[in-house]
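Peer 1: Sharing a structure with you now.
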Amino acid sequence: MYSFIAITAHYIIKDENEIYRLRHRLIGFEYLPGSHSGERIAQSLFAVYTSLGITHRVSSNWPISSRLTCLEAWSNHYG
């Protein structure tokens with residue numbers, strides 16, 4: 001069995017008519033060997049962000065404590 005992680009970017013652009021448009025793109029599709037821990041998933045995400053030079057532009061509306069709690073819960077359930 002092989003495991004992969006798909007990483008999608010969602011962003012807003014202003015088009016030629018000055019209208020804001022929501023866009024989304026698949027920016028990564030990575031082989032994920034070994035454990036599916038929060039740490040391993042974070043390493044894959046960071047590698048993709050770094051390779052695209054977008055690490056400084058990646059954000060989340062969730063506070064960091066909520067993100068860590070969610071990753072921990074996910075890891076404990078599927079880990």
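Peer 1: State all residues of region 31-58 that are surrounded by fewer than 12 Cβ atoms within 10 Å (Cβ to Cβ) and either aromatic (Phe, Trp, Tyr) or in contact with a helix residue (DSSP H, G or I) (Cβ under 6 Å, 6 or more places away or on another chain) (or both); if no residue qualifies, say none.
Peer 2: The initial filter retains those residues of region 31-58 that are surrounded by fewer than 12 Cβ atoms within 10 Å (Cβ to Cβ), namely 31, 33-34, 39, 50-51, 53, 56-57.
Selection gives TYR31 alone.
Peer 1: For TRP62, indicate whether it is at pLDDT below 65, under 14 Å from the mean Cα position of the chain (by Cα) and not in a strand (DSSP E or B).
Peer 2: Yes: the conditions hold for TRP62.
Residue-by-condition table, conditions (1) in contact with a strand residue (DSSP E or B) (Cβ under 6 Å, 6 or more places away or on another chain); (2) at pLDDT 60 or above; (3) in a helix (DSSP H, G or I); (4) closer than 16 Å to ALA6 by Cα:
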| residue | (1), (2), (3), (4) |
| --- | --- |
| ARG21 | yes, yes, no, no |
| GLY28 | yes, yes, no, yes |
| ALA42 | no, yes, yes, yes |
| SER51 | no, yes, yes, yes |
| SER66 | no, no, yes, no |
| TRP74 | no, no, yes, no |
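Peer 1: Here's another thing I want to ask about it. Confirm whether SER35 is farther than 16 Å from THR8 by Cα and either at pLDDT 85 or above or not in a helix (DSSP H, G or I) (or both).
Peer 2: Yes, satisfied.
The values are calculated or read from the model by the stated rules, or taken from the named source; none is laboratory data. Treat the numbers as computed from the prediction; the structure is a model and nothing was measured. All Cβ positions, even for glycine, are placed from backbone atoms using ideal geometry, and neighbour counts span all protein chains on display.
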